[in-house]
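Notes to accompany the following structure.
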Amino acid sequence: MPAVGQGAGEEPKKYELGGITVSGARYLDPNTLISLTGLRIGDAINIPGEEIGKSIRKLWGQGILGDVSVTIARIEGNKIYLDYNLKERPRLSKFTFTGIRKGQKEELTKKITLIRGKVVTDALLNNTRSQVRKFFAGKGYLDTKVNVVQVADSALSNSVALRIEVDKGNKIRIHDIDFEGNTAFKDSKLRTKLKKTKARKSYKLLTSGKFQKSEYEDDKKSLLEYYNAQGYRDAIIVSDTLIRDDKGLAIRIKVDEGPKYFFRNISWSGNYLYDDKTLANVLGIKKGSPYSKETLDKRLNYNPTGQDITSLYMNDGYLFFNLDPVETKVVGDSIDIEMRINEGVQAHIKDINIAGNTKTSDHVLRRTLRTLPGDKFNRELLIRSQREIATLGYFDPEKIGINPVPNQADGTVDINYTVEEKPSDQVTLSGGWGGYAGFIGTVGLVFNNFSLRKAGNFRNWTPVPAGDGQRIALNVQANGVQYQAYSLSFTEPWLGGRRPNSFSFSLNHSINRLGTNFDASTGSFIKVYSATIGLGRQLRVPDDYFTLSNSLSFSKYQTQNYTLPGLANGSANNLTLNTTLARNSIDNPTYTRRGSSISLSLSLTPPYSLLNPAHIDGNNWVEFHKWMFDASWFTPIVGKLVLNTRAHFGFLGTYNSSRDIGPFERFKMGGAGLGYNGGGNFVVGTDYIGLRGYDDPGNPYAIPTARTDEAGGVVYNKYVLEMRYPVSLNPAATVYILAFAEAGNSVASYNNYNPYKLYRSAGVGARVFMSAFGLLGFDFGHGFDSVVPPAGITSKQDPNHFHFIIGQQIR
């Protein structure tokens, strides 16, 4: 059977193609292969000629064949019959890696696109080499060598296993980054604009110096964006060179800064609602300011630190407003801008749609919204609604979506909210060793999205009825027979369902016994029974971030042989009215980026000693007035880095100067602010205030008013600076790290109060918020100031302390 092309020196002879057959194909479909040749029965072809060569090249181009030859099967008159003899490429049966760790093998297996049964083509082999090199280049191994060896698989016909041999080589690190052509900014300043590309230095412990091309390309864009923001709008990177030497990798970036431009005249056209002067004041760009498109865009569309032009219009319903800034003239280094405005018409909200709330009832979400059907569109209230949904705590704050759908034909807009539920109920299981009985345990359940309305239907108990935003908390704490405490509380945040007027009540009982061998008839103990009922409401003046809450609590104390200053054997009563004025504008309760939280609270008992002078020496009714002020501000610094500044003050007094301040409601400062085992003063309402870097109350080197033999302070002040950065914003486990500096003190007498006499500390820490267990905190603090111990204590003060907290922030 002659091969096509035989007798190539002969004159071409024309034939009619009578048929095509395929031989050698075991897995590929012959009909498909024939169609790939591009030849059809009845075609006129020349032998020898170009038609056969083209058909072979088309088959080769598929990359699935190892060899192709064409022979003449037979010739009948002017008809010719061809046979394509093919050799198929092998198929992949499996692949393995050599030369790398097990973890890297697992990562690569997920990344490379090798599928069992796929034809092993040159493209597949080249792609595999490229993906492996790219993977290791991202880890800093720029000289990775990859060899792919095909090994025949005897278990399967026409199959091969790939052995991917990897030689990573040495990790290449950046040791130097230099700039050329820069006169406006120093090299050190420009290096800070390369966020991911950093040179490794001995003093930079957290800088790896790893080079990754994709991040480097992004950093070059960031560098030019910085130049543009400073007025150098013509700045370009002329060249960038990667230099390999014995130290690793050096980068040389040559820039052409160009001239610095400035804003000159800014004019307005198309504006009827606001005059030029008003718009210019909101824009806030003065003549002669460095020209910056970034600044211009912020002042026009979104200014995180103040109002912008778009918000000015959209907060008044002008959803269809648009603005086009046009450069009308460039004179030397000065640029004129014309702001061309199309105000449009006011839009009104038509429908509100909510999706994603699989557990929480619609009305719980709708009652928090500041955007209602029929209202004018307002972007500020739209953002406020997003914040209100986040503060509920039932949804992932990072996944709250808002999508306005405008209908310009009828001047309306639909607002679509999307949410994603997250677990909000919490279980507290904690234990420790201390006190009289040894083991101290706490069990708590908090249902943050309870539904009393659904409780009557047994089918809703899965495990509890949920979805109406009510809160039930149960807590039990025990230290053997020496100390037990039980509490139950319920909160309805929308009493009546029309306005955010909250209603709450709580019941508490605790007993503290002294001694390890307790005798009920002669032993020492104090029992406390208390109940609290509260009402709160949202205010509209000065603004609706304010709330006013009032509560009335009654506590009854029963004692026997219990040593507590101001409280003898028998019983005492405590009737307290608490009023709290607070303002909370934080954007996210789990990881707050901006906003503030400020509260002023006043706790009052009736002024018995003023009404009845004989009461001065009595103790049947507790008497005090207590003032507390707490303020916290959150300021974004760069990206997700946030500065939290806090200030706290507390004052305790009596109505009659002839009466001593009793043991109730005092302040003890130090440690994590969680009190101490065996102290017993939880029963008299002691406030524990954290001060990291110092001993917990009850220890010899605790702040003097927080020692075991001290009732506590009557005045305190504390200041905190805390820098926070999130590691993970996953709602299942939100994690952030922090660095802090704080100072505070508490004294037992106003005569000794000095607001500048403070115990100072600094340190680092981390917070983990898990939806099922609440907040976990870890801090390491160093105290800078010495504490004078009680007489007889000879051990040295330890200035370093590790603190652990659960369930609450350090105040």
Can you tell me how many residues within segment 634-674 are of a type outside the set (D, E, K, R), buried (at least 16 other Cβ atoms within 10 Å of the Cβ) and farther than 18 Å from residue 607 by Cα?
13
Can you run down the residue pairs with Cβ atoms below 9 Å, 6 or more apart or on separate chains, where the first is in segment 31-51 and free of Cβ contacts under 8 Å to residues at least 60 places away in the same chain and the partner is part of a strand (DSSP E or B) and among the polar types (S, T, N, Q)?
34/21
Return yes or no: is residue 182 over 29 Å from residue 135 (Cβ atoms) and assigned to a helix (DSSP H, G or I)?
no
Looking at (1) buried (at least 17 other Cβ atoms within 10 Å of the Cβ); (2) farther than 30 Å from residue 314 by Cβ; (3) modelled with pLDDT of 85 or more; (4) more than 26 Å from the chain's Cα centre (by Cα), can you tell me which one residue 453 breaks?
(1)
Selected residue (criterion: modelled with the lowest pLDDT) from residues of segment 14-64 that are outside any strand (DSSP E or B) and of a type in the set (Phe, Trp, Tyr):
27
I'd like to verify a number: residues in segment 128-161 that are assigned to a strand (DSSP E or B) and surrounded by fewer than 16 Cβ atoms within 10 Å (Cβ to Cβ), how many?
6
Of everything in segment 85-127 that's of a type in the set (Gly, Ala, Ser) and surrounded by 13 or more Cβ atoms within 10 Å (Cβ to Cβ), which residue is nearest to residue 162 (Cα to Cα)?
93
Looking only at segment 575-600, count how many residues are in a strand (DSSP E or B) and within 31 Å of the chain's Cα centre (by Cα).
11
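Every residue, every condition in (1) under 30 Å from residue 149 (Cβ atoms); (2) not basic (Lys, Arg), yes or no:
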{"position": "43", "(1), (2)": "no, yes"}
{"position": "50", "(1), (2)": "no, yes"}
{"position": "62", "(1), (2)": "yes, yes"}
{"position": "79", "(1), (2)": "no, no"}
{"position": "90", "(1), (2)": "yes, yes"}
{"position": "93", "(1), (2)": "yes, yes"}
Residue identified as without any contact (Cβ under 8 Å) to a residue 12 or more places away in the chain and either at negative phi or in the same structural domain as residue 36 (by TED's automatic domain parsing) (or both) among 89, 74:
74
Would segment 658-666 turn up any residue that is of a type in the set (Gly, Ala, Ser), touching a Phe, Trp or Tyr at 6+ places or on another chain (Cβ under 7 Å) and either at negative phi or part of a strand (DSSP E or B) (or both)?
yes
Residues located in segment 328-372, provided they are outside any strand (DSSP E or B) and more than 23 Å from residue 394 (Cβ to Cβ):
332, 333, 343, 344, 345, 346, 347
Which numbered condition residue 286 misses (of (1) surrounded by 17 or more Cβ atoms within 10 Å (Cβ to Cβ); (2) assigned to a loop (DSSP other than H, G, I, E, B); (3) charged (D, E, K, R))
(1)
Residues that are surrounded by fewer than 16 Cβ atoms within 10 Å (Cβ to Cβ), farther than 30 Å from residue 328 by Cβ and more than 37 Å from the chain's Cα centre (by Cα): does segment 171-189 have at least one?
yes
Going residue by residue through segment 747-756, is there one that turns out to be assigned to a loop (DSSP other than H, G, I, E, B), surrounded by 17 or more Cβ atoms within 10 Å (Cβ to Cβ), modelled with pLDDT of 85 or more and of a type outside the set (D, E, K, R)?
yes
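Can you name every residue in segment 217-257 that is part of a loop (DSSP other than H, G, I, E, B) and surrounded by 14 or more Cβ atoms within 10 Å (Cβ to Cβ)?
Residues satisfying the conditions are 230, 231, 232, 233, 235, 257.
Let's see how each residue does on (1) over 30 Å from residue 443 (Cα atoms); (2) over 17 Å from the mean Cα position of the chain (by Cα); (3) aromatic (Phe, Trp, Tyr):
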site: 727; (1), (2), (3): no, no, no
site: 733; (1), (2), (3): no, no, no
site: 749; (1), (2), (3): yes, yes, no
site: 764; (1), (2), (3): no, yes, no
site: 784; (1), (2), (3): yes, yes, yes
site: 792; (1), (2), (3): yes, yes, no
site: 806; (1), (2), (3): no, yes, no
Single match in 791, 711 (criterion: in contact with a Ser or Thr (Cβ under 9 Å, 6 or more places away or on another chain), in a loop (DSSP other than H, G, I, E, B) and of a type in the set (Gly, Ala, Ser)):
711
Provide a single number: the residues in segment 623-656 that are of a type in the set (Gly, Ala, Ser) and at pLDDT below 95.
2
Considering only residues that are surrounded by 16 or more Cβ atoms within 10 Å (Cβ to Cβ) and either among the basic types (Lys, Arg) or in contact with a helix residue (DSSP H, G or I) (Cβ under 8 Å, 6 or more places away or on another chain) (or both), look in segment 326-339 and name the one that is nearest to residue 385 (Cα to Cα).
339
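Each row is one residue, and each column tells you yes or no for (1) touching a helix residue (DSSP H, G or I) at 6+ places or on another chain (Cβ under 6 Å); (2) hydroxyl-bearing (Ser, Thr, Tyr); (3) not assigned by TED's automatic domain parsing to the domain that holds residue 235.
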residue	(1), (2), (3)
101	no, no, yes
115	no, no, yes
120	no, no, yes
130	no, yes, yes
142	no, no, yes
153	no, no, yes
156	no, no, yes
178	no, no, no
183	no, yes, no
Out of 216, 261, 272, 226, I need the residue that is within 30 Å of residue 329 (Cα to Cα) and free of Cβ contacts under 8 Å to residues at least 60 places away in the same chain. Which one?
226
Determine, yes or no, whether residue 318 is of a type in the set (Ser, Thr, Tyr), in contact (Cβ under 8 Å) with a residue 12 or more places away in the chain and touching a Leu at 6+ places or on another chain (Cβ under 9 Å).
yes
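The values are calculated or read from the model by the stated rules, or taken from the named source; none is laboratory data. This structure is a prediction, so every number in the text was calculated from the model and none was measured. In this analysis, Cβ positions are derived from the backbone assuming ideal geometry, glycine residues included, and neighbour counts consider all displayed protein chains.
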